[in-house]
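Visitor: Let me give you the structure first, and then I'll get to my questions.
The values are calculated or read from the model by the stated rules, or taken from the named source; none is laboratory data. These numbers were taken from a predicted model, which means no experiment stands behind them. Counting neighbours? That spans all protein chains shown, and the Cβs are built from the backbone with ideal geometry, glycine included. These area figures cover heavy atoms from the full protein model, side chains too; ligands, DNA and RNA do not enter into them. Shrake-Rupley method; radii C 1.70, N 1.55, O 1.52, S 1.80 Å.
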Amino acid sequence: MLAQFAIMIFFEDLFFFLFHCLLHQPILYRFHKLHHEYKTTINIAGFHFDLVEVFLTQTVAAFLVLKIGSLFAPIHISFIVIFLALRTNDTNSSHCGYNFSWIPMQVLPFCTYDDFHDFHHSHNVGNYASHFRLWDTVFNTSEAFRKYKAKRAL
């Protein structure tokens, strides 16, 4: 079950990243603009979005993740509920404006906690992933964030 969870988180992060990037393209941004009415990360921003965005980033992504997860082993309904509850909690955590030390994934150096998502809202550029910095690194979509952090470190 732990391996299945890791696989599902990996693919959920990939699909969220891809759909989030798509929503920042001019033709689709009108569906994501509602979410970016908040320039700071507050909890309500995590759930303030258009139905088209919900369909892409939540419904389609969740369906794909569950399909991929089921390729490795059958998925019990309780596992789906736990996975979705943890994903909802992650949305709250990434939009609350704080870094809680009790969040287990926060201790991993390649996760998107700290001010990663805060930068995305305040500057409306880059940092599209939900869990890991992997996809933003691979597709070089967090360059503005790296420059911002380097400048602040001086």
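Visitor: If I ask for residues that are buried (at least 18 other Cβ atoms within 10 Å of the Cβ), modelled with pLDDT under 80 and among the β-branched types (V, I, T), which ones from the range 44-80 would you list?
Guide: If the condition is that a residue be buried (at least 18 other Cβ atoms within 10 Å of the Cβ), modelled with pLDDT under 80 and among the β-branched types (V, I, T), then no residue fits.
The rows are residues; the columns are (1) within 29 Å of Y29 (Cα to Cα); (2) part of a loop (DSSP other than H, G, I, E, B); (3) at pLDDT 80 or above.
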residue	(1), (2), (3)
I82	no, no, yes
D90	yes, no, no
G97	yes, yes, no
S101	no, yes, no
N140	yes, yes, yes
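Visitor: Filter the range 19-43 for residues that are over 18 Å from T91 (Cβ atoms) and under 15 Å from the mean Cα position of the chain (by Cα) and give the result.
Guide: L22
Visitor: While we're looking at this one, here's another question. Looking at (1) part of a loop (DSSP other than H, G, I, E, B); (2) at pLDDT 80 or above, which is the one condition that is false for K39?
Guide: Of the numbered conditions (1) part of a loop (DSSP other than H, G, I, E, B); (2) at pLDDT 80 or above, the odd one out for K39 is (2).
Visitor: Could you please tell me which pairs satisfy a Cβ distance under 7 Å, a separation of 6+ or placement on different chains, a first residue in the range 82-97 that is under 17 Å from A61 (Cβ atoms) and open to solvent by 60 Å² or more (accessible area, probe 1.4 Å), and a second residue that is among the hydrophobic types (A, V, I, L, M, F, W, C) and assigned to a helix (DSSP H, G or I)?
Guide: none
Visitor: Can you find, within the range 1-43, the residue that is farthest from N99 (Cα to Cα) among those that are surrounded by 20 or more Cβ atoms within 10 Å (Cβ to Cβ) and of a type outside the set (A, V, I, L, M, F, W, C)?
Guide: Per the criteria, the residue is H32.
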